[in-house]
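Report on the following structure.
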Amino acid sequence: MGPKEKLIALQKDMQAIVEGAKALGRDLNAEEITSLEAKAAEATELKGTIDRQEKGDALMKSISSLGAVTVDEPEHKKAPEGEQAKSLGEHFAKSVGAEGFARLKSGDSKVISAPEFKAATDPQTVPAAFAPVLTQVDTGIVRSYRRPLITDLFSTGTISGNAVTYFVEGAVEGAFTTVAETGQKPQLHIADPTPVTDSLKKIAAWWDTSDEMIEDVDFWVSEVNNRGLYLLSLFEEQQILAGNGTGSNVLGVLNRSGIQTETQAASGDSAQDAIFRAITKVQTGTGLTADGIVINPADYQALRLSKDANGQYFGGGFFSGEYGNGGVTVQPPLWGLTTVVSSAVPAKTVAVGSFKAAATMYRKGGVRVESTNSDLGKFTKNIITTRIEERVALAVRIPAAIVKVTLV
């Protein structure tokens, strides 16, 4: 944002403060007056900057329109062949000559220039000081790989308060059965649901940026902002999956009471078999169908590189699919379910579940990105602080639809 745009934004902010007070039928309070004074001082400084830039631009435009005239020295006043001028001033005087100085005295505004002053024996080389200017900069930034996130597995919702209360159903007592004519029907009873409250938790971080970086290297600031949002999403999924619930931490699904567990046997059992048993437990324990798997990169690697007795990769090799059929799948899913490979789940732990039905992730107001230069005297240092934050809550209504698998 240039000086003019900043000045317009400041004027709008000042007008909004004044109109806000008028709308409430009151005078400006002390905080508003202090804010207006600071904004007025900044506006004055910006106005001076704009004026100086406009004057400089006008002057440069005027100079560029003058043109240039080179006056050759009269033949009889030229230095003898091979004789070098001893100084730049002497060189200029010889080059301009009496006629040129006479034109200057008469008020002629044309620019009179002398030829380049250099020794005849000086080689033409690129000065070391020009190296930064002649260096081409590749402005591309290496972006992080935007893989699927754990939070994509959950259903999402919005919240107006600062907490959400929901009910976890108890066990179903009784069952349907066949009944003879006029016979007594069995009773069904669902145990009283348990109310559970999850409050919003804040996830945030900030960084400082100079005014010059924002004005001169805007592509970099844009990349930092994008990277900041991605880093936020990585920490968010760690909280949603494995947060311990203490202090300001979210209570993640793997630490919820009521989830099911499955363990790979110490011998004669495979990780893929244990994962499939967990898929079955989701259905037998809740009647729901599993829709996702979350696995650590190291554990996924072990599965992806597993081979049969003939050395064939079960998941397809690096040139073709399974047993030479089809093309290579970059990250084939496990048992056909959406598979998220993430370090948010600890090694030797796999989360299997019907995530969308079991849990809802709530956000209040979405992700907020805000900047200010009024933090701790940073205004006088031309430093802008940028903050990214969000408030989230997790409601797990059917804990049994999540299975925590432990591998060996």
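Quick note: the coordinates plus some simple rules give every number you see, no bench work behind them. Computed from a predicted model, the values in this text were never measured in an experiment. Positions of Cβ are generated from backbone atoms using ideal geometry, with glycine treated the same way; all protein chains shown enter the neighbour counts.
Structure data summary
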{"read-out": "Sites Q187 and S320, calculated FRET efficiency, Cβ-Cβ separation with R0 60 Å, nearest 0.05", "value": "0.50"}
{"read-out": "Efficiency of FRET from Cβ geometry, A41 and V330, R₀ 51 Å, rounded to 0.05", "value": "0.35"}
{"read-out": "A347 paired with A23, simple spin-label distance in nm, labels 7 Å along Cα-to-beta-carbon", "value": "5.7 nm"}
{"read-out": "Rounded, prolate or oblate (a/c below 1.5 giving rounded, otherwise prolate when a/b exceeds b/c) for region 3-64 by Cα gyration tensor", "value": "prolate"}
{"read-out": "Distance between modelled label sites at I33 and L231, nm, 7 Å Cα→Cβ extension", "value": "4.2 nm"}
{"read-out": "Cut-off 13 Å between beta-carbons: net charge of the residues surrounding A265, Lys and Arg +1, Asp and Glu -1", "value": "-2"}
{"read-out": "Inter-probe distance in nm under a simple model that places probes 7 Å from Cα toward Cβ, at R387 and R304", "value": "3.9 nm"}
{"read-out": "Residue order, fewest to most surrounding Cβ atoms within 10 angstrom, among T406, T349, T158", "value": "T158, T406, T349"}
{"read-out": "Of K201/K356; K6/K201; K22/K55; K4/K364; K202/K378, those spanning more than 32 Å from alpha-carbon to alpha-carbon", "value": "K6/K201; K22/K55; K4/K364"}
